[in-house]
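Since the structure comes first, as structure tokens, the remarks are kept for the end.
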Amino acid sequence: MRFKVTVVGAGHVGATTAQRLAEKGYADVVLTDIVEGVPQGKALDLAESAPVEGYDARITGSNSYEATGNSDIVVITAGLPRKPGMSRDDLLMKNYEIVRGVTEQVVRHSPGCILVVVSNPLDAMCQAALKVSGFPRERVVGMAGVLDSARFRTFIAMELGVSVENVHALVMGGHGDTMVPLPRFSTVAGVPITELMTGETIEKLVKRTREGGAEIVAYLKTGSAYYAPSSAVVEMVDSILMDRRKILPCAAYLQGEYGIKDLFVGVPVKLGSRGIENIIELKLAPEESAMLRKSAEAVSELVGVMKI
Ligand SMILES: NC(=O)c1ccc[n+]([C@@H]2O[C@H](COP(=O)([O-])OP(=O)(O)OC[C@H]3O[C@@H](n4cnc5c(N)ncnc54)[C@H](O)[C@@H]3O)[C@@H](O)[C@H]2O)c1
């Protein structure tokens with residue numbers, strides 16, 4: 001028996017996630033979207049790459065949720081991009097409606113699944129998925145920190161001219177301008193970057209990380225990043241399905257950890273077959289804690305707009 005993963009939203013992030021997952025070979029993938037033909041077409045195209053790539057996983061596309069039944073994991077990437085004249089709050093409410101509808105359908109067909117939320121604004125959408133699903137917090141997790149940390153790792157490796165594999169980095173907080181890259185917990189072959197670079201250089205890399213999403217949007221003009229985001233999603237899915245128990249920064253529903261209550265914020269968690277197996281509480285310095293609290297306040301404001 002192969003695992004089954006549904007990816008909702010067959011756009012850039014969803015389709016690339018489906019591709020990366022299919023190429024792992026251990027999960028059948030169902031791609032869904034509201035646009036007729038797109039999930040079917042992309043799924044068939046991916047299925048036709050299987051003989052060459054050498055995987056037997058089945059990939060199907062659908063506009064209905066019947067095909068998604070009994071998925072182990074459902075990745076939610078459905079959403080709208082911001083259109084001219086739309087405020088942040090307008091987009092928030094539009095995507096809230098989408099994520100709410102998607103979650104209701106998903107839960108009906110896969111009541112035991114783990115939800116991996118990707119749609120933006122990320123932390124608020126996680127909150128919506130948790131509330132609508134009625135799932136325990138272990139089974140609703142948001143992707144942001146793995147991506148933000150991957151960006152930080154990339155910039156550190158570029159700066160020092162070392163392999164990305166030697167670089168570990170940690171970015172906590174909400175997925176937005178207030179994210180909290182943590183140089184003290186970011187290392188190269190075990191050595192904190194605070195011992196390897198000047199404060200000024202670190203500040204430059206931190207700024208580039210914070211603005212990492214916008215840097216890509218500025219190049220692409222239409223649309224946003226999807227190669228690195230889909231890689232990040234698949235690392236999380238892989239850790240869950242294979243019960244690898246990787247410690248990864250993810251959006252998790254905090255209930256007192258880090259002094260934050262009833263809110264999704266990015267923190268290091270242990271991801272295994274039950275979803276969030278543990279929330280890791282690091283000893284933060286006072287200024288790091290203050291940044292995290294500020295980031296949580298920004299998330300809390302957005303959640304307040306949704307009135308859920
Ligand atoms: N968390 C992160 O770090 C991160 C990173 C990248 C992108 N994102 C977010 O992921 C989302 C997807 O990004 P993208 O680049 O793939 O966008 P995209 O526009 O390419 O794809 C979104 C897809 O969602 C579909 N959709 C809309 N409403 C739907 C519904 N009710 N049911 C099913 N499908 C529906 C659309 O038809 C479209 O195909 C966006 O909200 C984006 O901001 C988050």
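Matching residues to (1) more than 13 Å from the ligand (Cβ to nearest atom); (2) farther than 30 Å from S295 by Cα:
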residue: S64; (1), (2): no, yes
residue: L80; (1), (2): no, no
residue: T103; (1), (2): no, no
residue: S110; (1), (2): yes, yes
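What do you reckon, is V118 surrounded by 18 or more Cβ atoms within 10 Å (Cβ to Cβ), modelled with pLDDT of 95 or more and within 15 Å of the chain's Cα centre (by Cα)?
Here the answer is yes, as V118 does meet what is asked.
What number of residues in region 5-39 are touching a helix residue (DSSP H, G or I) at 6+ places or on another chain (Cβ under 9 Å) and closer than 16 Å to E66 by Cα?
So the answer is 13.
Would you list the strands (runs of 3 or more DSSP E) that sit entirely within region 68-184 and hold 2 or more residues that are charged (D, E, K, R)?
none
Let's see how each residue does on (1) loosely packed, with under 15 Cβ neighbours inside 10 Å; (2) basic (K, R); (3) away from the ligand (no atom under 15 Å from the Cβ); (4) over 21 Å from the mean Cα position of the chain (by Cα):
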{"site": "H12", "(1), (2), (3), (4)": "no, no, no, no"}
{"site": "T17", "(1), (2), (3), (4)": "no, no, no, no"}
{"site": "A22", "(1), (2), (3), (4)": "no, no, yes, no"}
{"site": "A27", "(1), (2), (3), (4)": "no, no, yes, no"}
{"site": "V30", "(1), (2), (3), (4)": "no, no, no, no"}
{"site": "V35", "(1), (2), (3), (4)": "yes, no, no, yes"}
{"site": "Q40", "(1), (2), (3), (4)": "no, no, no, yes"}
{"site": "E53", "(1), (2), (3), (4)": "yes, no, yes, yes"}
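What residue, of K4, K42, is basic (K, R), assigned to a strand (DSSP E or B) and modelled with pLDDT of 95 or more?
On inspection, the qualifying residue turns out to be K4.
Quick test for you: out of M179, M93, M158, pick the one residue that is under 19 Å from P229 (Cβ atoms) and either aliphatic (A, V, I, L, M) or at pLDDT 95 or above (or both).
The match here is M179.
Taking only pairs six or more apart or across chains, which ones have beta-carbon atoms under 6 Å, a first residue in region 292-308 that is under 20 Å from K94 (Cβ atoms), and a second residue that is among the acidic types (D, E) and modelled with pLDDT of 95 or more?
Within 6 Å, the pairs are V299/D123.
Kindly evaluate T60 against the criterion of being within 28 Å of S239 (Cβ to Cβ) and either more than 22 Å from the chain's Cα centre (by Cα) or more than 16 Å from the ligand (Cβ to nearest atom) (or both).
Against the criterion (within 28 Å of S239 (Cβ to Cβ) and either more than 22 Å from the chain's Cα centre (by Cα) or more than 16 Å from the ligand (Cβ to nearest atom) (or both)), T60 qualifies.
Give me the pairs: first residue in region 261-275 and under 10 Å from G145 (Cα atoms) and at pLDDT 95 or above, second residue of a type in the set (F, W, Y) and outside any strand (DSSP E or B), beta-carbon distance under 7 Å, and six or more apart or on different chains, which are they?
Every condition considered, the pairs that remain are V267/Y258.
Scan region 135-149 for residues that are more than 9 Å from the ligand (Cβ to nearest atom) and buried (at least 21 other Cβ atoms within 10 Å of the Cβ) and report the count.
Selection size over region 135-149: 3.
The values are calculated or read from the model by the stated rules, or taken from the named source; none is laboratory data. Please read all numbers here as calculations on a predicted model, not as lab measurements. Cβ atoms come from the backbone with ideal geometry, glycine included; neighbour counts cover every protein chain shown.
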